[in-house]
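The numbers here are math on the coordinates, done by the rules we state, and not lab data. Predicted model only: the values in this text are computed from it and were never measured. So basically every Cβ, Gly included, is an ideal-geometry build from the backbone, and we count neighbours across all protein chains shown.
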Amino acid sequence: MTENALICPQCGAPMTLEEGRDYFHCSFCNSYVIPDPNKEGVVLLEKATDYKCPLCGTLLAEAVVNRIHILACPNCHGNLIPQPSLLPIITAARPIEAEPDHMNHPLDRSEFQRKLPCPRCHQPMISYEYGGGGSVVLQGCEPCALIWLDFGELTRIIYSVQQAQKQVPDKTEEREVDFDREDTRSISPFKIIWKL
């Protein structure tokens, strides 16, 4: 058991993280604890790993966001996300309502100079701009397929994607074709609505 394992608030016994679940169970008094999410919707499961936060050096903990398992820092609240999990996290996110000036930050070009170590292989991660909007500079390790996001950056990415989706017109466009013309009298007159 890790030193920062959750203690049961009912009886004081150590609680265990249920395998494949997002909550803790106390086998002594049979109570359950479901951790609260932070402002980005990340739920810390408080099960420490051997990976160090590339920003502050704290041991990363297992966490869940939008039912997808990631690693998160209990200190600076940054997130280490497997690259294939980023899109499912964004897709599953609830709508974010926020003031545009709170979310629309200009791109900070100094972020490209950051050299954070990959928590898995300890090699410097590369910095690159996230292509989906939000003016976020990601740190990523291609060999390990991991992405590091500072606290607040996940929310900015999700918000920018949701705003872009709102601006895209609906491609299902109704077109009315009128066959009730002189040259088509042999066809029974009717109107067809085509969905394109």
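Data overview
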{"read-out": "Where labels lie 7 Å past Cα in the beta-carbon direction, separation of Cys121 and Ser27 in nm", "value": "3.8"}
{"read-out": "Estimated FRET transfer efficiency when R0 is 30 angstrom, pair Tyr128-Asp50 (beta carbons, to 0.05)", "value": "0.65"}
{"read-out": "Under 5 Å, built H, 5+ apart or other chain: amide partners of Leu45", "value": "Glu62, Ala63, Val64"}
{"read-out": "Ala145 paired with Ile7, simple spin-label distance in nm, labels 7 Å along Cα-to-beta-carbon", "value": "4.0"}
{"read-out": "Fully extended contour minus Cα-Cα distance, from Gln163 to Thr58, at 0.36 nm per residue", "value": "34.4 nm"}
